[in-house]
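Visitor: Please read through the structure below; I'll follow up with questions.
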Number of protein chains: 2
Amino acid sequence: MTDQRGSLSLSDIAREAGVSLTTASRALNNSYGVSAATRDKVLATARRLDYVVSPDAVRLASGSRTQRVALVVPHVERWFFGEMVNGIETVLAAANVDLLLYQVGGPEDRQDFFSRLPARRKVDAVVVVAFPVDRVEQERLELMGVGIVAAGGQSAAYPYVCIDDYQAGRMAVDHLVELGHRRIAMIAAHDPDQPGWPMRSGRSEGYVDALAAAGVAVDNSLIRDVDWGGLNAAAAMDDIFDAAQGDPPTAVFAHSDELALGAMRTLRRRGMRFPEDISIVGIDDHPVAALTDLTTVRQSVREQGEIAARLILDVLNPVADEGAPRAVTAPITLTVRASTGPVPNRTRPPAQATRDH
Amino acid sequence: MTDQRGSLSLSDIAREAGVSLTTASRALNNSYGVSAATRDKVLATARRLDYVVSPDAVRLASGSRTQRVALVVPHVERWFFGEMVNGIETVLAAANVDLLLYQVGGPEDRQDFFSRLPARRKVDAVVVVAFPVDRVEQERLELMGVGIVAAGGQSAAYPYVCIDDYQAGRMAVDHLVELGHRRIAMIAAHDPDQPGWPMRSGRSEGYVDALAAAGVAVDNSLIRDVDWGGLNAAAAMDDIFDAAQGDPPTAVFAHSDELALGAMRTLRRRGMRFPEDISIVGIDDHPVAALTDLTTVRQSVREQGEIAARLILDVLNPVADEGAPRAVTAPITLTVRASTGPVPNRTRPPAQATRDH
DNA sequence: CTGAAAGCGCTTACAG
DNA sequence: CTGAAAGCGCTTACAG
């Protein structure tokens, strides 16, 4: 008897092979207690008829795990999230676990996801990619009664993988300081749709400390905190220059390469060249960094995704010795390119007017 | 009785509410034939106990659709695919259908996907994002016995949505021609892991025809076809200039913005400025285009994803009148920015040596 | 080694 | 309006 989908069912195979349902099941599952001959016969007819079991029925009958995990992510189309998903999918697919994708970019999506919990009773685990989960969301998540892991962000409550933001900021700004820079602007960004990250990111703290270590006082007129996106960074950069007429920055630290790219547009339009007139450094090593000769603090988001997937696998099949890591910090490395260099000597002001594009 | 997950089952609700399983089911499903009082009682206890049905059990019992679709995509982390997935997920989520994500970037992944067909018996439809499916892969896909749609690429066999590549190429090159350019280089790209696209892309044909319309003969020394990626485009650009010493191009048409960005790196490193020394145009309107002042032929991949999702919904719930479109061509628009301009007058050669970065 | 039977969590004719 | 029963496609004790 075929099912609604038109697929064959186990009973079709059993009948065709001339054995009982029980035996057919055991043969397909390679259980013990089936003669080689019988098994082969069943396997052969299954193959011939191109039979595959119904995973849903198996789940129901055996009470086994769903072999599915929910991946909840703000925006798949952004590089960071895409890389993360890529890494996660790669190792999960190899382990034969399926990925259910849920986007919670906007506030409504998010509200909807946590209130409806569409993944409920569908998955064995959920991985929350790079966004902070507040108390009530956390409670909703617990309601699902499955394992949870956080990828790309620190989490007090769940196993997680992420980079050390403080070190990243420190590394970027130390680099500028070593080149002699003292007037260093900073462009930070928050995703307006993802409230809840700590007000002051570790990256900003790295900036402050790097300056302090060089004996430089923080100048708030050189700092802007914008909504996510290169265009906003471009505006912020203009803003900083307009505000700091007399004593403009000689370098800028952007919290991400995408922000850096936006800032670079402004600087380029103002006729500045890198690194002759100004230096700039980002974080990520986004593919565009190499193409724009941007110095950056590299992180491998894909690898973080792979690690997150292993964390998930641990959650799905807890090992006896409980040796699974609960928190892993991914490595970062300073990648110097042509966008950073020594402090320009400011005998002549940069060509402010000669828009050379 | 709670299930393996620890979730409550319908019988728990029925018992608690003091009704039969049948009635409980009908109340929850809002079927007719349940008194308002009974329904309310059941609904109340379900809410109180925070009960949700097991989708898998429902499916099995009712023979209904899985409400799941498989999304098979080469690389989620690339902008184009990410946007597509975003668009698809958005409308599918609103329709309460879940997305199972499968990546088939490398040849092995791909081979594995089509031979194992991991999504088999798990979904009602599969959407293949932007990669050509060959004959045998197509046969494997049919085996799943579900609807299929192609997003981001033309398909003879399935409903699809994509842009008109010929028009895109034509639009880009016509723009350059109108600016007076005659020596126009072209950088095309193929994904080495995705064989099967037509040898000569529609974009290339648009280029050829645009030149022909201007009475310009194609010069193959100005054309390169590289593997996907900005870095390869950068190398190709170098190559073109090295080869065309005497008579270098005054403009370049890149098949995508990412390729354009790579080419721009080469040009910038060679001391050229846009558009004073050379013009360049891409396709996509990738976010970096705005940030690098790149002229491009814009397409909204996200909208194509949304359209693809509607195509899927049509496949899932075929409407009687069969009025569902089988093929839709998404609009494109030329977006002029500062990277294109009139032909430079070549009285003095471009500053080949003065690497101004 | 093999099979009849019960059960997984639900739905849906079929009777009342 | 309500419920007992059969059934969806499988697995798994329990007997033989």
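The values are calculated or read from the model by the stated rules, or taken from the named source; none is laboratory data. Computed from a predicted model, the values in this text were never measured in an experiment. Here Cβ is always computed from backbone atoms with ideal geometry, including for glycine, and neighbour counts include all displayed protein chains. We work out accessible area using only protein heavy atoms, side chains counted, and drop any ligands, DNA or RNA first. Shrake-Rupley method; radii C 1.70, N 1.55, O 1.52, S 1.80 Å.
Visitor: Answer with yes or no whether A:A95 is among the small types (G, A, S) and in contact (Cβ under 8 Å) with a residue 24 or more places away in the chain.
Guide: Criteria met by A:A95.
Visitor: Would segment A:75-88 turn up any residue that is within 16 Å of DNA strand D (Cβ to nearest atom), over 14 Å from B:V104 (Cα atoms), modelled with pLDDT under 95 and not hydrophobic (A, V, I, L, M, F, W, C)?
Guide: Step one: list which residues in segment A:75-88 are within 16 Å of DNA strand D (Cβ to nearest atom), which gives none.
Within segment A:75-88, not a single residue is within 16 Å of DNA strand D (Cβ to nearest atom), over 14 Å from B:V104 (Cα atoms), modelled with pLDDT under 95 and not hydrophobic (A, V, I, L, M, F, W, C).
Visitor: While we're here: Output the residue which, of all residues in segment B:94-117 that are facing chain A (nearest Cβ under 9 Å) and in contact with a strand residue (DSSP E or B) (Cβ under 7 Å, 6 or more places away or on another chain), is modelled with the lowest pLDDT.
Guide: The selected residue is B:D109.
Visitor: Please go through (1) more than 7 Å from chain B (Cβ to nearest Cβ); (2) open to solvent by less than 40 Å² (accessible area, probe 1.4 Å); (3) farther than 17 Å from B:Y102 by Cβ for A:L8 and return the number of the only condition it doesn't satisfy.
Guide: Checking A:L8 against (1) more than 7 Å from chain B (Cβ to nearest Cβ); (2) open to solvent by less than 40 Å² (accessible area, probe 1.4 Å); (3) farther than 17 Å from B:Y102 by Cβ, the one that fails is (2).
Visitor: Name, by its number, the condition in (1) within 13 Å of chain B (Cβ to nearest Cβ); (2) surrounded by fewer than 19 Cβ atoms within 10 Å (Cβ to Cβ); (3) not acidic (D, E) that does not hold for A:Q138.
Guide: (1)
Visitor: Search segment B:10-24 for residues being of a type in the set (S, T, N, Q) and near DNA strand D (Cβ under 8 Å from one of its atoms), and hand back the single one that is farthest from the chain's Cα centre (by Cα).
Guide: Let us first name the residues in segment B:10-24 that are of a type in the set (S, T, N, Q), namely B:11, B:20, B:22-23.
Still in the list and also near DNA strand D (Cβ under 8 Å from one of its atoms): B:20, B:22-23.
On the way: B:S20: 49, B:T22: 45, B:T23: 46 Å.
Here the residue is B:S20.
Visitor: Return the pair list, or none, for Cβ contacts closer than 7 Å from residues in segment B:12-40 that are within 18 Å of B:S54 (Cβ to Cβ) to residues that are near DNA strand C (Cβ under 10 Å from one of its atoms) and part of a loop (DSSP other than H, G, I, E, B), at least 6 apart or on different chains.
Guide: Listed pairs, sorted by first residue: B:D12/B:M1; B:D12/B:T2; B:I13/B:Y51; B:A14/B:S20; B:R26/B:G33; B:L28/B:V53.
Visitor: Output the residues belonging to segment A:229-254 that are in a loop (DSSP other than H, G, I, E, B), open to solvent by less than 50 Å² (accessible area, probe 1.4 Å) and closer than 20 Å to A:R182 by Cβ. Lay out the reasoning, then the answer.
Guide: First, the residues of segment A:229-254 that are in a loop (DSSP other than H, G, I, E, B): A:229, A:244-250.
Filter again for open to solvent by less than 50 Å² (accessible area, probe 1.4 Å), leaving A:229, A:244, A:248-250.
The answer is A:A244, A:P248, A:P249, A:T250.
Visitor: Suppose we keep only residues that are within 15 Å of B:P331 (Cβ to Cβ) and either within 7 Å of chain A (Cβ to nearest Cβ) or of a type in the set (K, R) (or both) within segment B:287-308. Which one would you say is surrounded by the most Cβ atoms within 10 Å (Cβ to Cβ)?
Guide: Within segment B:287-308, the match that is surrounded by the most Cβ atoms within 10 Å (Cβ to Cβ) is B:R298.
Visitor: Within segment B:160-186, which residues are closer than 20 Å to B:A338 by Cβ and outside any helix (DSSP H, G or I)?
Guide: First, pick out the residues of segment B:160-186 that are closer than 20 Å to B:A338 by Cβ: B:171-181, B:184-185.
Matches in segment B:160-186: B:L179, B:G180, B:H181, B:I184, B:A185.
Visitor: For the structure I just gave you, tell me whether B:D124 is over 20 Å from the mean Cα position of the chain (by Cα) and within 14 Å of chain A (Cβ to nearest Cβ). Walk me through how you get there before you give the answer.
Guide: Numbers: over 20 Å from the mean Cα position of the chain (by Cα): yes; within 14 Å of chain A (Cβ to nearest Cβ): yes.
For B:D124, the condition - over 20 Å from the mean Cα position of the chain (by Cα) and within 14 Å of chain A (Cβ to nearest Cβ) - is met.
Visitor: Sticking with this one: Here is a list: A:V85, A:V91. Which entry is touching a helix residue (DSSP H, G or I) at 6+ places or on another chain (Cβ under 8 Å), in a helix (DSSP H, G or I), facing chain B (nearest Cβ under 8 Å) and hydrophobic (A, V, I, L, M, F, W, C)?
Guide: On the way: A:V91 fails: facing chain B (nearest Cβ under 8 Å).
After ruling out the rest, the residue left standing is A:V85.
Visitor: Separate question: So A:R47 fits all but one of (1) within 20 Å of B:M144 (Cβ to Cβ); (2) within 11 Å of DNA strand D (Cβ to nearest atom); what number is the exception?
Guide: Answer for A:R47: the failing condition is (2).
Visitor: If you go through segment B:18-61 one residue at a time, how many are near DNA strand C (Cβ under 10 Å from one of its atoms), buried (at least 16 other Cβ atoms within 10 Å of the Cβ) and either among the hydroxyl-bearing types (S, T, Y) or facing chain A (nearest Cβ under 9 Å) (or both)?
Guide: Number of matching residues: 11.
Visitor: Going through segment B:188-208 one residue at a time, which ones are in contact with a helix residue (DSSP H, G or I) (Cβ under 6 Å, 6 or more places away or on another chain) and farther than 20 Å from B:V301 by Cβ?
Guide: Residues satisfying the conditions are B:E205, B:Y207.
Visitor: Kindly list, by first and then second residue, each pair from a residue in segment A:51-65 that is polar (S, T, N, Q) and within 7 Å of DNA strand D (Cβ to nearest atom) to a residue that is modelled with pLDDT under 85 and in a loop (DSSP other than H, G, I, E, B), limited to pairs with Cβ atoms under 9 Å and residues at least 6 apart or on different chains.
Guide: So the pair list comes out as A:S54/A:D3; A:S54/A:R5; A:S54/A:S7; A:S62/B:Q4; A:S64/B:Q4.
Visitor: Which members of segment A:67-90 meet the condition of being over 15 Å from the mean Cα position of the chain (by Cα) and open to solvent by less than 30 Å² (accessible area, probe 1.4 Å)? Working first, answer last.
Guide: Here is the first cut: in segment A:67-90, the residues over 15 Å from the mean Cα position of the chain (by Cα) are A:67-69.
Listed by number, the residues that qualify are A:R68, A:V69.
Visitor: As an exercise: evaluate B:S64 against (1) open to solvent by less than 60 Å² (accessible area, probe 1.4 Å); (2) in a helix (DSSP H, G or I); (3) within 11 Å of DNA strand C (Cβ to nearest atom); (4) of a type in the set (G, A, S) and give the number of the one condition it does not meet.
Guide: Failed condition: (2).
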